[in-house]
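The values are calculated or read from the model by the stated rules, or taken from the named source; none is laboratory data. Keep in mind the model is a prediction, meaning the values are calculated, not measured. Note: ideal-geometry Cβ built from the backbone for every residue, glycine included; neighbour counts use all protein chains shown. In case anyone asks, the SASA skips ligands and DNA or RNA and just uses the protein heavy atoms, side chains included. Shrake-Rupley method; radii C 1.70, N 1.55, O 1.52, S 1.80 Å.
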Amino acid sequence: MSANELRRIALSDPLSSTPPRFVIGGQVSQVVSGDVKLYEWKREKGEMGMIGLQTDVGQIKAMAWCPLPTHRNILAAGLSNGKTHLLSLSPSTLSLALSSPNPQASTSTIATLYVKYSRPVTSISFSSLDPNYLATGYERHRSEYSLLIWDIADALAASQLPPDGDDNETNGRWERPSGAGGEHRLSVTNLTAKVNTNPSDPKHIQHYCPSEHVNSVAFMPKSTHQLLASVSGKTIRLFDLRTPSPSTGAGGSTTPRDPPASASTAGASHQWFTRAVNGLTPDSMNEHRFASYEITPGGGPVNSVVRLWDSRKSGHELLNFDVPGGIVGMEWMQGRDGLLGVGTKDKGVGLWEIIEGRRVDKDQVVAEEWITLGGMRQIVKPKQNLHSFAFASSEKGEGDVMFVLRDGTIGVGPISSAPIFASGPQGDVAICTPSLRILDPDLIQESDQPDQPPSPTSLPPTSRNDLEDNDNAYRANRFQLAPERVTQLIAERSRSASPALGTPVGGMTPFGSVNGLREWYEIKGKLVDGNEELIGGWEGWRRALGNDVGVVMRRRALEGYGLDDLLLNAAIATRHPGKERLAGIWEFVDHLTRVMSPALSSHRGYNLTHHGVFPIWFGVTNEHHPSSPSSIHSTATLQDNLHHHPHQPPARSGSAAWTALKSQSSGSIPHSRQTSSPMPGSSTPTRERKASDRRGEREPEVDRDYAQAIEILNERRREIGGVGRPGVVRAAVGGQRTEMRKLILAVCGENGESAKEETDRLVESGQRTKAAFRAYFAGDEAATVSILMASEDQNHRLLGSTIAGFMSQSASARGSDFFNSHWHGLVNRVDDPFVRAILSRIGGDDWESVLEEEGIPLLDRVAVGVQHLDDKEFTTFLRGRFFTRLIRSASLHLLALSGLATPGVSLLSRYLARTGDLQSVALLSALFPTAKLDKNERETIERWKEGYRDMLDSWGMWGERCAFDVKWGDIQRGFGAGSSPFSEKDKIGGEKCPV
């Protein structure tokens, strides 16, 4: 929140009074003086009453509540003019006049802390050990210090305020701590304070941060000398107030002008540098831990980052996590270890759980500490923007939270005690709650239970047909099964389903029967409502458990999800949650294993078995891509395990292909037309250079032996025919990689064997724009227009006539200013990516307008690039896909680029970390020729395999586990024998790869 933005500040009683008390201070506009109000919350009666008031305070910028046991109603209010008022909000203030011409003369104002140069107060903090010490932070002034330390003990004594509260044992008996040898007392280094004789006009005793901006200050818990301050918005300093600033010693000046660099950090014992610091919050339950937050700038949606630090580890960050929205405040919950409340302007208040501990090695606790994020629950979701919030502890439950909204509305309520819920990778679930209710996700309820608790949102009566997903929306590539084919495969499986060898008698497992298929998800629809609350009470909980990845994997295994039939896997995946992640994946893998089978992909020392587009084009056959994480449970896979320059691939052995890639990697990396996020390390998003900008670049030499091997393999494929037949490349493309292009077209399914059938299928299924896209980039402009004009959709007919009209114009007419001004406006208003790509090319845009269109499936764009880009342009396109997608994404659709080779191991690792779907990862990894992988990659795949075997055993599916072991061995032996483990028709003679 900017310094000039109005806000209302909420504070809770630091001494945890009963009933809870809150303070709200602020103003409604820049021209109205602010006020401070003290409230008491009686939770048993549900009433909140005002018990203290101070009006006409001024423009309030910061506040703090003094934790002094003898005077529990003292607050400090920092103003925009630099003054800090010490206010007493005792109940007697309600009888005072609402306004006064001189607020400083009010009986509720104990004292006023002045600064020499007027500037806003940014932050205030009292020491919890000795509340007489007060720290104030200010905006920058070139001739003044911005961090001041005050001792208000004399001012409080001069005010003659009587002790307040009902605890007579505490009141009047609290003594100011001094410690052994006065260690808790701070020395006075400001000369003005030493000679001050007026206790009602206190002077600061120490000062720090000359000519710097301090936007947040906070005393560490139970300390008088450890003070945190965020300086200049990017640095966190921990000051030791026992070592004051040397510039204020004997004869020192109290007005800094052009201070030396050492003066800025004087008194700081530790320092942390970070991107930004907008606020600091020490943990009252941990004397060393504190949190900071930053609000990320930018023109897009506002987001924030919370960081955790340890005062003993200078410069080291413990943990960070992202928070959507702009943070307006943070507060650790009192009395509960590791609970951090984070309030955002438009998202409300979330309670984050921080878990820490020490590593245990062979029953011995070692010194290595760990900290992690346990989870988050939303406790406040206001309809208006949040201004501030505060917690109040309670003897029962987790306490209350009070919050203030933009219009001044005050809300308060209990913090719900949600049950602790956790699930494991094998479908096991743990719930910690006072009462226990068994929820079986596999049990279909006949009717609602009579004792089911009421739900804020009743389960909507929806029919299956109304909620059936649109299958065309998930068509990720041309291989994806049509709905009728899915139905056929499922029906065949249902008729032939029988218990595997080793399955218990009757086909029963501890989780149900393997005989036949059943409908697991009898009611489809959303699990949560608009308020992110579970729909349907206990029935909603049961449905939620049924969508857990562990339960989904078990159900798929019961239905035959394995290595015997990859197309059956594709059909089964459509029946379960997460189907959009696997849409078209198993169909493409089935196609790839037949097209790139060992018999069709090996010649002399070159083995391209199960390789994808990227290794085929660059000739990466024996070398390795970026290494894969070694753990199947590692969350570090989300960071891709990269330690190299983001524009440079890691070089392994002396590969000519990798050398060529590395020599070109200094160029800009292409981004999606719909992507605005920059690459790591860059400040602005980059876009792929046009072909005209790449002229003159040196094209890497092609390995002649590799090109000749590809040519021989293609000739062998032409003789055999079928799906492995190489494609036909346009003669106008040329280049040295024509044979690689033909093989890539076969991988993409564009070998011309069923081009017309595919176009007809698209038209029949209603995908006319995609059919028109294929026809246009195949050079058939007339078919493009006719496909659109034959549509029943008037928008398609309008676009068809528009395309026909513009294509009939001459090239000079298309390049006119009139054409460009109207044509590009039309393109920008078109939603369909296929039509948009056609219009962009007609308008004369470069090929990037097609290749960067993320709405078009990747294989279709690769096929267009193969047929129309020269070698340099297609190399740049693939390199951009590699650096912006393949090494960072967790989408299995990128297996088309990597293939079932080395780059795919890292991709599977990221997918596993994102989804927890160990089942799909283990099955896909069985199709990797492990002899081509390095040691770490083989160990990773072995762990996936063993993890899935253990999972099958835990489900009692011993027959399925035996079948999995047998098929795994058959597949790996097939790689060594030079034959395909899936298709008999591909088993032909060929040279055995010696590698």
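Which ones in the range 873-907 are free of Cβ contacts under 8 Å to residues at least 40 places away in the same chain and either assigned to a helix (DSSP H, G or I) or crowded, with 23+ Cβ neighbours inside 10 Å (or both)? Walk me through it before giving the result.
Restricting attention to the range 873-907, the residues satisfying the condition of being free of Cβ contacts under 8 Å to residues at least 40 places away in the same chain are 885, 889, 894, 907.
Arg885, Leu894, Leu907, listed by residue number.
The listed residues are Ser262, Ser253, and the only one of them that is modelled with pLDDT under 95, surrounded by fewer than 23 Cβ atoms within 10 Å (Cβ to Cβ) and in a loop (DSSP other than H, G, I, E, B) turns out to be Ser253. Against the test of being crowded, with 23+ Cβ neighbours inside 10 Å and among the β-branched types (Val, Ile, Thr), the options Val747, Val728 yield a single qualifying residue, Val747.
With respect to Val995, determine if the residue is at pLDDT 90 or above and among the β-branched types (Val, Ile, Thr). No; evaluated as a whole, the condition is false for this residue.
Of all residues in the range 32-48, those that are on the phi < 0 side of the Ramachandran plot and outside any strand (DSSP E or B) total 5. Take Gly956 and tell me if it is more than 31 Å from the chain's Cα centre (by Cα), at positive phi and either at pLDDT below 95 or part of a helix (DSSP H, G or I) (or both). Here the answer is yes, as Gly956 does meet what is asked. Quick one: is Phe982 at pLDDT below 90, touching a Pro at 6+ places or on another chain (Cβ under 9 Å) and of a type outside the set (D, E, K, R)? Answer is no for this residue.
Across the range 49-61, what is the total count of residues that are surrounded by fewer than 23 Cβ atoms within 10 Å (Cβ to Cβ) and part of a strand (DSSP E or B)? Show your work before the answer.
Here is the first cut: in the range 49-61, the residues surrounded by fewer than 23 Cβ atoms within 10 Å (Cβ to Cβ) are 49-53, 55-56, 58-59.
Within this subset, residues satisfying the condition of being part of a strand (DSSP E or B) are 49-53, 55-56, 58.
Residues that pass the stated criteria total 8.
Of all the residues in the range 912-942, those that are touching a residue at least 60 places away in the same chain (Cβ under 8 Å), farther than 19 Å from Leu566 by Cα and of a type in the set (Ser, Thr, Tyr) number 2.
How many residues, within the range 64-90, are charged (D, E, K, R) and either over 15 Å from Leu148 (Cα atoms) or open to solvent by less than 10 Å² (accessible area, probe 1.4 Å) (or both)?
At the first step, the residues of the range 64-90 found to be charged (D, E, K, R) are 72, 83.
Retained after the next criterion (residues that are either over 15 Å from Leu148 (Cα atoms) or open to solvent by less than 10 Å² (accessible area, probe 1.4 Å) (or both)): 72.
Final tally of qualifying residues: 1.
When you check Tyr145 against the structure, is it at negative phi, in contact with a Cys (Cβ under 9 Å, 6 or more places away or on another chain), modelled with pLDDT under 95 and of a type in the set (Ser, Thr, Tyr), yes or no?
Yes; evaluated as a whole, the condition is true for this residue.
Only a single criterion out of (1) touching a Ser or Thr at 6+ places or on another chain (Cβ under 7 Å); (2) farther than 19 Å from Arg556 by Cα is not satisfied by Asp934, namely (1). Scanning the range 717-728 for residues that are basic (Lys, Arg) and assigned to a loop (DSSP other than H, G, I, E, B) turns up just one, Arg725.
Please list, ordered by residue number, the helices (runs of 4 or more DSSP H) wholly in the range 729-801 having 1 or more residues that are more than 42 Å from the chain's Cα centre (by Cα).
Working: elements: 738-747, 755-764, 768-777, 781-789.
The helices (runs of 4 or more DSSP H) meeting that bar are 755-764, 781-789.
Are there any pairs, at least 6 apart or on different chains, whose C-beta atoms fall under 8 Å, with the first in the range 727-745 and more than 23 Å from Phe479 (Cβ to Cβ) and the second in a helix (DSSP H, G or I) and of a type in the set (S, T, N, Q), and if so, which? Partner pairs satisfying both residue conditions: Arg730/Gln867; Val733/Gln867; Glu739/Asn714.
The set of residues in the range 304-335 that are of a type outside the set (A, V, I, L, M, F, W, C) and part of a loop (DSSP other than H, G, I, E, B) comprises Ser311, Arg312, Lys313, Ser314, Gly315, His316, Gly325, Gly326, Gln334, Gly335.
Please go through the range 5-18 and give me each residue that is modelled with pLDDT of 85 or more, open to solvent by 40 Å² or more (accessible area, probe 1.4 Å) and more than 34 Å from the chain's Cα centre (by Cα), ordered by number. Walk me through how you get there before you give the answer.
Pass one, the range 5-18, residues modelled with pLDDT of 85 or more: 8-15.
Next cut, open to solvent by 40 Å² or more (accessible area, probe 1.4 Å) only: 8, 14-15.
If the condition is that a residue be modelled with pLDDT of 85 or more, open to solvent by 40 Å² or more (accessible area, probe 1.4 Å) and more than 34 Å from the chain's Cα centre (by Cα), then Pro14, Leu15 are the ones that fit.
The number of residues in the range 385-418 being modelled with pLDDT under 85 and exposed (fewer than 14 other Cβ atoms within 10 Å of the Cβ) comes to 8.
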